[in-house]
């Protein structure tokens with residue numbers, strides 16, 4: 001643990017470990033970003049050996065996020081909570097939402113110090129966004145953080161993003177229970193935006209092995225397992241579908257490496 005300075009971004013970086021591969025920084029590498037370290041790039045290369053289209057998967061997942069945020073914003077939602085947000089990149093949630101609602105509010109949540117430092121630096125002058133350093137597996141810490149409470153009114157509909165993150169939460173940590181905990185505080189008419197790695201037989205075993213040594217385990221799941229995360233909500237058409245199949249803007253071959261869905265709370 002590094003020395004505390006009183007500067008949130010600096011304090012976050014004080015806890016940085018560049019020698020352990022980090023799934024957020026690996027994702028940044030897959031997207032073509034530069035906010036990653038040698039250990040992240042080496043681990044990402046191992047994943048790419050068994051999943052050669054991993055960069056396309058990452059980009060397609062990001063495109064789904066952007067389409068889904070626009071859909072939810074056009075449904076009237078103007079406040080978003082992004083769990084496991086990852087490093088800032090083009091087409092962030094607040095940028096997409098504000099194309100529909102210029103005063104949209106967004107709270108980004110991540111436990112990675114690089115993500116937090118970059119987010120806080122990028123958004124330091126934006127009073128309608130915040131970056132919270134917290135682990136999505138601790139809903140109370142996320143929901144009760146003063147920055148979350150300042151920006152998100154849970155008596156009104158919220159867009160909750162759980163994108164490309166639950167496959168790093170093992171079954172023993174009850175990912176379905178975590179989703180329910182967040183869902184239960186959302187007002188009716190809120191939306192949950194979800195994507196998750198899909199089981200592809202042997203290849204996922206190889207990917208899980210490639211992620212070994214990173215700061216989080218990788219657990220792909222079946223369609224039924226992912227759909228169960230949305231129990232008690234109304235899943236928006238076309239349902240739980242593969243990457244590129246959720247309301248696409250162009251015709252492309254689906255990517256079977258991931259599931260995508262949007263659901264509305266009752």
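Coordinate-derived values only; no laboratory data. This one's a predicted model, so the numbers in the text were calculated from it and none came from an experiment. Counting neighbours? That spans all protein chains shown, and the Cβs are built from the backbone with ideal geometry, glycine included.
Please arrange 25, 250 by how many other C-beta atoms lie within 10 Å of their C-beta, fewest to most.
Going from least to most buried by this count: 250, 25.
When 1/r is averaged over all different Cα pairs and the result inverted, which Kirkwood radius in Å belongs to the stretch 87-139?
Computed over Cα pairs of the stretch 87-139, the Kirkwood hydrodynamic radius comes out at 11.5 Å.
Of the listed values (i) 122; (ii) 143; (iii) 135, grab the one calculated as volume of the Cα convex hull per residue in Å³ from the structure here.
(i)
Once a ≥ b ≥ c are taken as the square roots of the eigenvalues of the Cα gyration tensor of the stretch 7-118, is the result rounded (a/c under 1.5), prolate (a/b larger than b/c) or oblate (a/b not larger than b/c)?
oblate
Can you classify the stretch 215-266 as rounded, prolate or oblate using the Cα gyration tensor, where a ≥ b ≥ c are the square roots of its eigenvalues, rounded means a/c under 1.5, and otherwise it's prolate if a/b beats b/c and oblate if not?
Cα axes put the stretch 215-266 in the oblate bin.
Could you work out how far the C-alpha centroid of the stretch 171-193 sits from that of the stretch 104-127, in angstrom?
One Cα centre to the other: 22 Å.
Quote the relative contact order of the chain in percent (integer), defining contacts as alpha-carbon pairs under 8 Å separated by 6+ residues.
19 percent
Considering only DSSP beta bridges with both partners in the chain, what is the antiparallel share in %, to the nearest 5?
Counting only bridges with both partners in the chain, antiparallel ones make up about 40 percent.
Under the rule of -39500 (n - 2.57) per DSSP H run of 4 or more residues, summed and divided by the residues of the chain, what mean residue ellipticity at 222 nm is obtained, to the nearest 500 deg cm²/dmol?
-11000 deg cm²/dmol
Using alpha carbon centroids, what distance separates the stretch 232-252 and the stretch 30-65, in Å?
Centre-to-centre distance over Cα atoms comes out at 23 Å.
Kindly list the residues of the stretch 249-264 that lie in the label zone of residue 173, defined by a backbone N under 17 Å from the point 7 Å along the Cα-to-C-beta vector.
none
From Cα pairs below 8 angstrom and at least 6 apart in sequence, can you work out the relative contact order of the stretch 36-138, rounded to a whole percent?
Relative contact order for the stretch 36-138 comes out at 23 percent.
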